[in-house]
1. Please identify the pairs in which a residue from segment 32-45 that is without any contact (Cβ under 8 Å) to a residue 60 or more places away in the chain and surrounded by fewer than 12 Cβ atoms within 10 Å (Cβ to Cβ) has its Cβ atom under 8 Å from the Cβ atom of a residue that is assigned to a helix (DSSP H, G or I) and aliphatic (A, V, I, L, M), counting only partners at least 6 apart or on another chain.
2. Which of the residues spanning segment 88-113 are hydroxyl-bearing (Ser, Thr, Tyr) and farther than 21 Å from LEU124 by Cβ?
3. Among the residues of segment 101-130 satisfying the criterion of being touching a helix residue (DSSP H, G or I) at 6+ places or on another chain (Cβ under 7 Å) and in a helix (DSSP H, G or I), which is farthest from ALA147 (Cα to Cα)?
4. List every residue pair whose Cβ atoms sit under 7 Å apart, with the two residues 6 or more apart in sequence or on different chains, where the first one lies in segment 116-134 and is farther than 14 Å from GLN102 by Cα and free of Cβ contacts under 8 Å to residues at least 24 places away in the same chain and the second, anywhere, is of a type in the set (Phe, Trp, Tyr) and surrounded by 12 or more Cβ atoms within 10 Å (Cβ to Cβ).
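Just so it is clear, none of the values below were taken in a lab; they were calculated from the coordinates. A quick note: this is a predicted structure, and the numbers were derived from the prediction, not measured. Methodologically, a virtual Cβ is constructed for each residue, glycine included, from the backbone with ideal geometry; neighbour enumeration extends over all protein chains shown.
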Amino acid sequence: MSESMKEPFLDLSNGDPPSPDELDSQVQRAQEQLLQLKRQQEAIEKQKRELEELSRKQEELEQGRAEMIEKLSRSLVVIERHTYETEKRVEQLKSSSAAFTQHLHNLERISPKTWNNGDLHRELSKALSAVDDARAEYSKSMTKINAESEAEVLDPVSTTDFSDYPADDGHFVTWFKRGLAFTLPLIIFGLIVIAILFVAHAAFAR
């Protein structure tokens, strides 16, 4: 505190009363001291408000920091798990896509019209095997993909045994012609043998 503040506001000790000039001087010093005290009080209050605001911000920082550290840490674990599951699913879908593409290519290459009669049974077995392989791959992939999806992504494969149903007229005629072409030489050969035997038997009978 300044020396002026240590001085009494008014010197009213016993003695001769102050002169008007001295009294005015003491009043002026007292007013200056009051003004200085008021300024100091305002400064102290301002500093108090600043400290309170600083304390509030520091508390807000600590709470927000702790909250976000917890949330970010937990979120990273969740994101990593979902990332792993997503990458695994993407790899599965890529694998299924590659397998489906290969089976589709194999099935599209099947052309019964180009088969030779001598290779009919072998080609038919190969074609049926390709269909069975494609159906098995589709069923395996469908089970995995649909199990990890909220909705059904792939339609179930039909388990119908097509051998229980008669073929349509076009296929029947085709297979009949091929069977006839395959067995006709044998039939003609048999007829020739029977005719020779008949002629020989007639000759011996004379």
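1. Filtered contacts from segment 32-45: no entries.
2. Within segment 88-113, SER95, SER96, SER97, THR101 meet the criteria.
3. ASN117
4. GLU123/TRP115
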